[in-house]
C-alpha cells in the first residue's frame, strides 16, 4: 500500500534525508504554465517524468525513465502531480517495479478546486505555502 503524505510532510522529509527524491509526474506544459516545487533551498533537484501526455496516454517508458533518475530502489521517492491522482498511479507502478520506499503527495501541487473553481487554495503544495517557481 502506498502511504499518502501531505506536501509539508514531504518537504520536511526531503529536508532531513538527502537521499530522498521528489518526482513530479505532470506534463511539461503544467511545469511551465502552472509552476513547480522549488527544492533548491534544501539542496534537492526536482526530478520530472511525465506519467501521461496531454491526451491522457500513459508514458510507456515511465519506469525506464524512473530507473535512470533514481538509481537506488531503496531511496525514498515522493511522487507529485496536480492533485494526487496521477502520482498515486505512478507510485503504484514504482512499487510493482521493485522500488521500496514510495510515497504519494496527497493534494499534489495544486489540489482540488475552491468554490470559484480555482486550484492552489484548498490543498496541495501551493496551498501549504511551500516554495515554488514558474520557470
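FYI, it's all coordinate maths here, none of it is from the lab. Owing to the predicted nature of the structure, the values given are computational and were not obtained by experimental measurement. All Cβ positions, glycine included, derive from the backbone under ideal geometry; neighbour counts span all protein chains shown.
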**Asked** Which one is surrounded by the most Cβ atoms within 10 Å (Cβ to Cβ), of the residues in region 102-116 that are assigned to a strand (DSSP E or B) and in contact (Cβ under 8 Å) with a residue 40 or more places away in the chain?
**Response** 105
**Message:** Every residue in region 14-37 that is buried (at least 16 other Cβ atoms within 10 Å of the Cβ) and over 19 Å from residue 85 (Cβ atoms), please.
**Reply:** 14, 20, 21
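Residue-wise test of (1) under 14 Å from residue 1 (Cα atoms); (2) touching a helix residue (DSSP H, G or I) at 6+ places or on another chain (Cβ under 7 Å); (3) surrounded by 23 or more Cβ atoms within 10 Å (Cβ to Cβ).
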| site | (1), (2), (3) |
| --- | --- |
| 80 | no, yes, yes |
| 94 | yes, yes, yes |
| 122 | no, no, no |
| 133 | no, no, no |
**Message:** Looking at residue 114 and the list (1) closer than 22 Å to residue 9 by Cα; (2) more than 16 Å from the chain's Cα centre (by Cα), which single condition is not satisfied?
**Reply:** (1)
**Request:** List the number of the failed condition for residue 3; all other conditions in (1) out of contact with any helix residue (DSSP H, G or I) (no Cβ under 6 Å at 6 or more places or on another chain); (2) on the phi < 0 side of the Ramachandran plot; (3) free of Cβ contacts under 8 Å to residues at least 60 places away in the same chain; (4) surrounded by fewer than 18 Cβ atoms within 10 Å (Cβ to Cβ) hold.
**Result:** (3)
